[in-house]
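Asker: Here's a structure for you.
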Amino acid sequence: MSIIGKEAILKVLTGYNPWWRTGAIDQRMAKTYKRFAFFEAMQWLEQRSLRRSVVLRGARRVGKTTIQYQMIQALLDRGVAPQRIVFISMDHPMLKLSGLDEVLDCYHENIHAEQDVYYFFDEIQYAQDWDRWLKIIYDTQPDAQIVATGSASPVLIKGNQESGTGRWSVISVPTLSFYEYCALLDLPRPQLEEAQQVTDLLHMPQTMRGQMMVQLSQVQNYFMRYLQVGGFPELALSDNDLLAQQIMREDVVDKVLKRDLPSLYKIRNVIELERIFLYLCSVSSEIVSIDAIAKELSGVSRSTVETYIQYMESANLIYQSWPVDMAGKKVLKAKPKIYIADAAIRNAVLMDDSVLTNPVQMGKIVETAVYKHVAAFYHSYVTSVGYFRGGRREKEIDIVVDYPHAKNILIEVKYRENAVIPPSDAISELAGESAAAIVVTKSAGDFGIQQTKSGAELLRIPAFAFLYLLGHAEQDGYRKA
């Protein structure tokens with residue numbers, strides 16, 4: 001028997017679903033700007049011939065709940081009866097104390113008896129046996145559609161593998177791309193052709209590349225602020241950057257480390273979790289050794305470090321990038337590169353004003369941003385995104401887009417003035433074996449084609465232009481879908 005009565009449950013549900021009374025959604029909840037993930041989720045929701053439930057996963061404050069509200073708005077605009085749409089936040093204290101079956105019974109008994117329902121579950125991982133209930137709804141209510149959000153990736157993916165095979169699709173919602181940041185703030189932006197890919201620049205005349213750079217230079221002045229606070233929609237819109245960074249520490253980091261992860265994984269020593277995350281912030285973009293971290297953080301065991309890194313990746317706080325075996329070139333024993341999920345998180349946690357004027361630190365920040373963009377862009381492709389380090393001299397390429405049956409894309413981040421790429425660098429030596437070799441530079445003037453000793457070409461492109469073009473190409477993909 002539930003300790004929460006159905007009257008109390010109904011009161012909570014009514015508060016979450018004002019459209020039952022008004023027939024419309026509050027625009028402050030739905031917002032105007034739509035993330036890329038909104039379009040991807042709507043594609044699945046509208047796919048009737050191949051029915052799938054949708055699970056949106058991502059860090060706190062990236063806009064998962066807003067995407068759900070926008071989807072609800074789209075359904076209301078199409079004439080779906082408001083009572084057929086129910087939003088249920090499993091993060092609510094009272095609903096956590098109730099079984100999901102009790103919440104659903106309360107809804108059907110009081111609001112809508114039929115089963116042709118659009119169910120929107122927020123933070124679904126907090127519902128007991130959530131994966132079993134999604135399976136039951138899917139199997140027994142063929143006219144129902146499900147959209148859920150979750151912050152713990154392995155919990156969602158494990159549930160999909162065990163109970164949801166063929167039933168739901170997990171959509172990643174990363175922090176804002178630089179393109180989305182500019183669009184969200186409605187900043188002056190370049191007029192670019194549709195389907196303009198970064199790699200297209202390799203095949204353009206230099207005059208066309210120059211004209212494009214003139215266009216892209218419009219967004220250059222926004223890039224530094226984006227690196228500071230730009231990854232989170234609400235914080236990007238704030239007019240107080242210091243307060244935005246404080247909120248990022250409290251809501252994005254502290255709540256995950258002190259509440260979400262301990263609750264989901266029964267972590268007792270939160271201090272150890274915080275110490276490891278702080279260490280990872282300081283080494284973002286570097287290859288890490290689990291043994292070295294355990295030694296540096298005396299008192300923390302190797303197994304604890306390894307487990308907690310997996311937990312932090314599950315909560316979308318970090319990425320792990322693994323080495324890629326390129327054309328038989330020997331790679332080092334597998335050690336991951338660690339990237340904080342957004343450069344702004346790293347800056348907010350370290351609270352070091354000098355990082356933006358320190359060339360070494362800026363290199364780490366920009367490489368973190370580049371990796372996040374590349375991983376987000378290719379997440380739906382049959383690829384993996386890693387790095388290369390191997391050979392006799394242990395040469396390295398920062399980011400490798402690894403296609404299983406095609407040539408790879410190589411990316412080296414050289415965020416400094418007049419960055420030289422000598423013939424002996426790995427990207428120079430392997431450029432001829434790749435589909436594209438890209439050097440991400442700092443200044444707008446450091447742009448164009450560099451010939452390697454073998455005759456292969458390297459595309460040199462400033463970071464702000466590279467990231468903007470990736471986002472532009474991603475947006476065009478959703479427009480055409």
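Asker: Which percent, to the nearest 5, of DSSP beta bridges fully inside segment 6-173 are antiparallel?
Answerer: 0 percent
Asker: Another question about this same structure. Angle between the Cα long axis of helix 6-16 and the longest principal axis of the chain, 0 to 90 degrees, nearest 10?
Answerer: 40 degrees
Asker: Another question, then. Rounded to the nearest 0.05, what FRET efficiency do S238 and T14 have when you use their Cβ-Cβ distance and R0 = 30 Å?
Answerer: 0.45
Asker: If you don't mind, another one. Add +1 for every Lys or Arg and -1 for every Asp or Glu among the other residues with Cβ under 11 Å from the Cβ of A41, and state the total.
Answerer: Details: positive: K34, R35, R52, K64; negative: E40, E46.
So the environment of A41 carries a net charge of +2.
Asker: Using +1 on the beta carbon of Lys and Arg, -1 on that of Asp and Glu, and nothing else charged, what's the dipole of segment 1-105 about the Cα centre, debye to 20?
Answerer: 420 debye
Asker: In segment 363-461, which chymotrypsin sites (Phe, Trp or Tyr not before Pro) fall in coil by DSSP and have 15 or fewer other Cβ atoms within 10 Å? Write out the running numbers ahead of the final one.
Answerer: Numbers: sites: Y371, F377, Y378, Y381, Y387, F388, Y415, F447; in loops: Y378, Y381, Y415, F447.
For chymotrypsin sites (Phe, Trp or Tyr not before Pro) across segment 363-461 that sit outside H, G, I, E and B with at most 15 neighbouring Cβ atoms in 10 Å, the list reads Y381.
Asker: Assuming 0.36 nm per residue, please report the length gained on full extension of the stretch S298 to R225 beyond their Cα-Cα distance.
Answerer: Full extension from S298 to R225 adds 22.7 nm.
Asker: Around S89, which amide H atoms from residues at least 5 apart in sequence, or from another chain, sit under 5 Å from its own amide H, with H modelled in the peptide plane?
Answerer: Hits under the 5 Å cutoff: D122.
Asker: Here is a follow-up. Could you give the dipole magnitude of the chain about its Cα centre, charging the beta-carbon of Lys and Arg +1 and that of Asp and Glu -1, in debye to the nearest 20? Write out the running numbers ahead of the final one.
Answerer: On the way: 53 positive and 56 negative charges, 136 e Å.
Charge dipole, the chain, about its Cα centre: 660 debye, nearest 20.
Asker: Starting from the Cα gyration tensor of segment 347-446, take the square roots of the eigenvalues, sort them a ≥ b ≥ c, and report rounded, prolate or oblate (rounded when a/c is under 1.5, otherwise prolate if a/b is larger than b/c, else oblate).
Answerer: oblate
Asker: So how far apart, in nm, are the two label points at A334 and Q141 if each is 7 Å from Cα heading toward Cβ?
Answerer: Between A334 and Q141, the label points sit 4.0 nm apart.
Asker: Can you figure out the FRET efficiency of Q211 with R416, using R₀ = 35 Å and their beta-carbon distance, to the nearest 0.05?
Answerer: Working from the Cβ atoms, E equals 0.85.
Asker: Within segment 459-473, name every residue whose backbone N is under 16 Å away from a label modeled 7 Å from Cα of I449 along the Cβ vector.
Answerer: Counting backbone N atoms under 16 Å from the label point, the list is 459-461.
Asker: Next up: Between the DSSP loop rule and a limit of at most 12 other Cβ atoms within 10 Å, which GluC sites (Glu not before Pro) in segment 407-481 are left? Provide the component values of the computation, followed by the final result.
Answerer: Details: sites: E412, E417, E429, E433, E457, E474; in loops: E417.
Listed in order of number, the matching sites are E417.
Asker: Neighbouring Cβ atoms within 10 Å as the yardstick, rank L50, L264, L134 fewest first. Please report the intermediate quantities before stating the final value.
Answerer: Details: L50 8, L264 18, L134 25.
Fewest to most other Cβ atoms nearby, the residues stand as L50, L264, L134.
Asker: Using the alpha-carbon atoms, what tilt in degrees (0 to 90, nearest 10) does helix 302-314 show relative to the longest principal axis of the chain?
Answerer: 70 degrees
Asker: So, one more: In segment 6-173, with Lys and Arg counted as +1 and Asp and Glu as -1 at Cβ, which of these residues, L100, Y16, M71, has the Cα nearest the positive end of the dipole, that is, farthest along it?
Answerer: M71
Asker: While we're on this one: Enter the angle in degrees (range 0 to 90, nearest 10) between the Cα long axis of helix 36-45 and the first principal axis of the Cα atoms of the chain, meaning the one along which they spread out most.
Answerer: Here the helix axis deviates by roughly 50 degrees.
Asker: Provide the FRET efficiency to the nearest 0.05 for the L187-N110 pair, computing r from the beta carbons and using R0 = 60 Å.
Answerer: 0.85
Asker: Could you tell me the distance between the Cα centroids of segment 163-234 and segment 368-418, to the nearest Å?
Answerer: Between the Cα centres of segment 163-234 and segment 368-418 lies a distance of 18 Å.
Asker: Please list, by residue number, every one of the trypsin sites (Lys or Arg not before Pro) in segment 221-287 that is coil in DSSP and has at most 15 other beta-carbon atoms within 10 Å. All intermediate terms of the calculation are to be shown ahead of the outcome.
Answerer: Working: sites: R225, R249, K255, K258, R259, K266, R268, R275; in loops: K266, R268.
Counting only loop positions with at most 15 other Cβ atoms within 10 Å, the trypsin sites (Lys or Arg not before Pro) in segment 221-287 are K266, R268.
Only the coordinates and a few stated rules stand behind these numbers; no lab work does. All values derive from a computational prediction rather than experimental measurement. Positions of Cβ are generated from backbone atoms using ideal geometry, with glycine treated the same way; all protein chains shown enter the neighbour counts.
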